[in-house]
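First up is the structure itself, then whatever we jot down about it.
The values are calculated or read from the model by the stated rules, or taken from the named source; none is laboratory data. All of these numbers come straight from a predicted model, not from anything done at the bench. Cβ placement follows ideal geometry from the backbone for every residue including glycine, while neighbour counts extend to all protein chains displayed. The area values use the complete protein model at the heavy-atom level, side chains included, leaving out ligands, DNA and RNA. Shrake-Rupley method; radii C 1.70, N 1.55, O 1.52, S 1.80 Å.
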Amino acid sequence: MPESQFTLKVFRFDPDMDTTHRYDSFTVPLREGMTVLEALFYVLEEKDPSLAFRYACRGAVCGSCAMHINGSNRLACQTQIVNLKATEAQVSPLPYLPLIKDLVVEMASFYQKMDEVQPYLITHKTPPEKEYLQSPRERKKLDSVTDCIWCAACYSACPVVWGDPEYLGPAALVKAHRFSVDSRDQGGMERLKATDSEEGLWRCHTVFNCVEVCPKEINQTEAIEGLRRRTLKRRLGWK
Ligand code: F3S
C-alpha cells in the first residue's frame with residue numbers, strides 16, 4: 001500500500017499556560033493498520049514532545065487510552081485510522097470528566113463510583129479448602145459482562161451522568177450486575193445499598209449511549225434492567 005498522509009487534529013490545553021483550549025493540526029504519514037494511538041505517538045516523537053495522553057497495554061485491555069475520536073468515545077489503540085473513513089481525525093479528551101492536560105482526564109470520580117459497588121467477590125461463609133467451584137452454566141451467566149476494562153467510555157457518554165454528578169453511571173451498575181449474577185458471591189445486600197437508590201439503578205433513563213460506545217460490546221442497558229429485576233424480587237422477598 002503506497003504511503004499516504006492524513007491530518008490529526010488534537011485538542012490541546014495546558015492549565016499552566018493556556019486560558020482556553022485549541023486544536024493543533026498535524027500531518028501524519030499513514031501506513032497500513034495504523035491506529036489513532038500510533039498516530040499520537042508519531043506526533044509525540046516527531047512533532048511535539050509536550051503532547052499528553054494516556055496509554056498502557058496498546059491492546060484494548062487496560063482501558064487507558066479511551067478518548068473522543070471523530071464524534072464518539074473509543075479506545076485509541078483499537079481504532080484504525082482507515083476505519084474512520086475520513087481524511088482527518090479529530091481527537092479530544094473524554095467528555096464530562098475534568099481535564100488535566102491535553103487528552104488526559106481526571107478519573108477519580110469514576111473510580112470512586114466503581115468502588116461504591118464493591119467490585120469484587122464478597123463471601124460470608126468459610127471459604128472452601130481449594131477454589132470455589134462453578135458449573136459451566138453458572139459461568140455462562142457472566143459471559144456478557146466480565147469484559148469491562150474500566151475505560152469510562154460509557155460513563156462519559158451518558159447524558160444522565162452529565163446532568164447529575166451523583167449518578168453511579170453504567171460502568172458501576174454493570175459491575176454490580178456482574179457480581180450479583182455470580183454464583184460464588186454473597187454480597188447482594190451490601191451492593192444493594194449503593195445501587196437501589198435514586199442515584200443508582202433507578203436514575204438510568206435507558207438512553208443507550210453507553211451501549212453504542214462500549215469497546216467491549218457490553219450491553220449496559222440490559223445489565224441495568226437485569227439488576228432492576230433482581231432488586232424488585234429482593235424487595236418483594238422473592239429472592
Ligand atoms: Fe446512561 Fe446508558 Fe442508562 S447512557 S441513561 S446508563 S442506558
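General observations
- Residues whose amide H lies under 5 Å from that of residue 6, counting only those 5 or more places away or on a different chain, are 28, 30; hydrogens are built 1.01 Å from N in the peptide plane.
- For segment 209-239 versus segment 1-56, the gap between their alpha-carbon centres in whole angstrom: 37 Å
- Packing, as the average of other Cβ atoms within 10 Å across residues, places the peptides 30-40, 68-78 in the order 68-78, 30-40, highest first.
- Sum of side-chain charges, residue 170 neighbourhood, beta-carbon under 15 Å (Lys, Arg +1; Asp, Glu -1): -3
- For the chain, 65, 77, 148, 151, 158, 204, 214 stand unpaired, since no other cysteine beta carbon lies under 4.7 Å from theirs.
- If you run the Gaussian network model on the chain, springs between alpha carbon atoms under 10 Å, then out of 159, 93, 49 the most flexible one is 49.
- Taking 18 Å as the limit for the C-alpha separation, the pairs 113/141; 175/216; 140/193; 193/233 exceed it in the case of 113/141; 140/193.
- Cα-based helix-to-principal-axis angle, 170-180 vs the chain, degrees rounded to 10: 30 degrees
- Summing Lys and Arg as +1 and Asp and Glu as -1 over all other residues whose Cβ lies under 13 Å from the Cβ of residue 217 gives a net charge of -2.
- In order along segment 211-224, phi translates into HN-Hα couplings of 5, 5, 9, 4, x, 9, 6, 7, 9, 4, 5, 5, 5, 5 Hz, rounded to whole numbers, per the Karplus curve 6.51 cos²θ - 1.76 cosθ + 1.60 with θ = phi - 60° and x for Gly and Pro.
- Per residue, the average separation of C-alpha pairs within less than 8 Å and at least 6 apart gives the chain a relative contact order of 17 percent.
- Order by protection proxy (mean Cβ within 10 Å, highest first), peptides 193-199, 20-26: 193-199, 20-26
- Probing with 1.4 Å while keeping every protein chain in the model, the per residue accessible area of segment 1-144 equals 60 Å².
- Scoring 104-116, 143-155, 55-67 by mean Cβ neighbours within 10 Å over their residues and listing the highest first yields 143-155, 55-67, 104-116.
- 3J(HN,Hα) along segment 156-162, derived from phi through the Karplus expression 6.51 cos²θ - 1.76 cosθ + 1.60 where θ = phi - 60°, amounts to 6, 8, 7, x, 6, 4, 4 Hz, with x in place of Gly and Pro.
- Couplings for segment 68-76, taken from phi via the Karplus curve 6.51 cos²θ - 1.76 cosθ + 1.60 with θ = phi - 60°, read 9, 10, 6, x, 9, 6, 8, 8, 5 Hz in order; Gly and Pro are left as x.
- For the chain, the fraction of 1.4 Å probe accessible surface lying on carbon and sulfur atoms is 50 percent.
- Helix-only mean residue ellipticity at 222 nm for the chain, each DSSP H run of n ≥ 4 adding -39500 (n - 2.57), per residue, nearest 500: -8000 deg cm²/dmol
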